[in-house]
Each structure stands twice: as C-alpha cells, then as structure tokens.
Amino acid sequence: ENRMMSLAKDVTNQKVWEKGLIEAMKAADEASRAKSEFLANMSHEIRTPMNGLLGIIDLLDHTNLDEEQSQYLEIIKNSGSSLLSIIKDILDYSKIEAGKMDLNPTLGNPAEELEKQIQIFYGLAQEKSITLKTDIGKAAYGLFETDFDRINQVILNLVGNALKFTPQNGQVTVSMDAEQIENELHYLKIQVKDSGIGIPEKHIPSLTDPFFQVESSSTRSYQGTGLGLAIAKKIVELMGGELNINSTVGEGSEFSFSVLLKKDLKAQEEKVQKSS
Ligand code: ADP
C-alpha cells in the first residue's frame, strides 16, 4: 500500500511539474512575442524619421556644395543608408518572429523574375572579375502564383553574400528549377553556388542564427549585420520550403532553398491559346 501511495504521489508530482513546465513555456513564448513586437514597433518608428533624413540629404546633394562639403555629405548618406538597411532587417526579422509577416502572392514567371534580379549584380561581379551565371530549367518558365518579392529578397541576400565572400576571378552560379508535387502544387528550387572562401563545418548550423557572423566583429573585413540568413531561413520556411547549406573551406559554398508554389494552369492555358 505504501508503494501505491508513493507511486500516486510520484504521478501527482509529475503532473504538477508538467503543468509548471507548460506554464513556464507559455510565459516564455509570451515574453518572446512581446520582445519581437517591441522590436518591430521600434524599428518602424525609427524608419520613418530616417527616411525623412535621407530625403533631406538627397536635397542637399543637389545644391551647390564645395568639394569638402560634398565629401562629408557622402559619408552621412552612406551611414544613413546602412543604418536604414539594418533597421529594415530588424523590422523584417521581428515581424516574422511575432508571426506578423504576411505573404502577398501575385502571378508571375519565376525564371524571368530571376533573370531580372540578377541584372542588379552584373556590375558588382564585373568589378571583381567574377563570372556570374544562371542555369534555369524549362519548368521554371511557367506562370505561378507566389510572393515574388519575398523570393527576390532571399535571392538578393544569397547572391549578395556569394559575391561578397568570393575573391577576384571566382565564379557564382544561380540555378533554378521547378518540380511538380501534385496537380498545380510545385516546389521551386533555387541554388546559389560560389567558389569563395567557404565556411568551417562547425559554423554551418549557426549561420541562420540572428546576428551570427563567422568572423568576430573585432577582426571583421566584411560588412554586414548577420541578419540576412536568419531572415532568409524564416521566409523560406514561411513559404513551405527549407534552406540548406553546404560548404568547404577554400573551395566554396552552396546555398539552396525551396518554396512551395501554385502553377496557374488556367492562365497558362489562356496564354498558350492566345499565342497560337
Ligand atoms: P551578413 O552577410 O550580413 O554578415 P548573413 O546572415 O547573410 O549576414 O551571413 C552570416 C555569415 O555567414 C556571414 O557573416 C559570413 O560569415 C557567412 N556567409 C554567408 N554567406 C557566405 C558565403 N557565400 N561564403 C562564405 N561565408 C558566408
């Protein structure tokens, strides 16, 4: 009977403990959400006056300044823009964390969209004598419904990183393809491969942590906030896909991601009928 009693007590203790744990987790969740909300509000409040400042700087830039004044203004302008982009990143990240990032699907052609986006980088690639190539599968040229702005945001981050962490005369290749899962449902698969500095294996799992950078801030030779990949991972997951990273130090890195999208079969048919 004693054993029964102690067993019953154990079970009760277990229940009490479990209840406590669940409550603690709920409280932690709530605290984390409150923190994300605070960050989102704060970033939003900073962004508005910051845009105002940048607007005035732009106006000043069009007045008659002497060379010294122009140089100072250029510094203010650059600092302002990089501050604004940090704030945008924090806003994006905290919005996702607070569950407040909405997707805005539109109808478009992923392959053509990618070709447009890549144009932005040809100048930068040329400056570093990096060969920037695309390799796009036929299936990616259809009409699909998805949030193209968010996909572009991830692509811009990955290609920007690839160019940043690849030395002179290297190569960066962006591949894209679509794979049908069932009916109109497809996976869009995108890979950004570079011949850059690579990433030590032990750091790979931390790359998508917010603010993580391989180089410590004191010895840093590359600019950035360490938020890009954290945001990219969240966006990709929000869109039903995943982000994978493979890398070898001294050889290069491969960042690939997938997102779920819907093929617009009706619009596709109409387009074919019109053109025939
Ligand atoms: P940021 O580029 O602003 O530092 P990210 O989150 O985009 O932030 O990247 C985090 C870190 O991951 C970078 O600081 C860098 O150390 C590493 N990294 C990302 N992409 C690459 C790449 N293509 N090659 C080598 N290292 C990379």
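Rule-based calculations on the coordinates, nothing more; no lab input. The structure presented is a predicted model; accordingly, all values stated were derived computationally and were not measured. Note that each Cβ is placed from the backbone with ideal geometry, even for glycine, and that neighbours are counted across all protein chains shown.
Below, the figures for the structure above:
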quantity	calculated
For 166, 12, order by how many other beta-carbon atoms lie within 10 Å, fewest first	12, 166
Under Karplus coefficients 6.51, -1.76 and 1.60, residue-wise ³J(HN,Hα) of segment 196-211 in Hz, glycine/proline x	x, 5, x, 10, x, 3, 5, 8, 4, x, 8, 4, 8, 6, x, 6
Estimated inter-spin distance, residue 78 and residue 112, nm [label 7 Å along Cα→Cβ]	3.8
Estimated [θ] at 222 nm from DSSP helical runs (n ≥ 4, -39500 (n - 2.57)) normalised by residues in the chain, nearest 500	-19000 deg cm²/dmol
Above-threshold pairs, the threshold being 18 Å between Cα atoms, out of 116/233; 128/193; 189/263; 234/262	116/233; 234/262
Neighbour-count order for 192, 16, 214, fewest beta carbons within 10 angstrom listed first	16, 214, 192
Gain in span if fully extended, residue 28 to residue 124, counting 0.36 nm per residue against the direct Cα distance	30.2 nm
Where GluC sites (Glu not before Pro) in DSSP loops with at most 16 other Cβ within 10 Å are excluded, longest remaining stretch of the chain	2-183
Surrounding net charge for residue 255, when Lys and Arg each add one and Asp and Glu each subtract one, Cβ distance under 9 Å	-1
Most mobile of 124, 59, 107 in a GNM of the chain (Cα contacts under 10 Å)	59
Size of electric dipole in segment 114-168: Cβ of Lys, Arg +1 and of Asp, Glu -1, about Cα centre, debye, nearest 20	200
Choice from 62, 186, 203 with maximal GNM fluctuation in the chain (Cα, 10 Å cutoff)	62
Net charge of Cβ neighbours under 11 Å - reference residue 137; Lys, Arg +1; Asp, Glu -1	-1
For segment 119-226, diffusion coefficient by Stokes-Einstein and Kirkwood Rh (Cα), 20 °C, 1.002 mPa s, µm²/s	136
5 Å-binned pair-distance histogram of the chain (Cα, whole percent)	1, 5, 9, 12, 13, 14, 12, 10, 8, 5, 4, 3, 2, 1, 1, 0, 0, 0, 0, 0
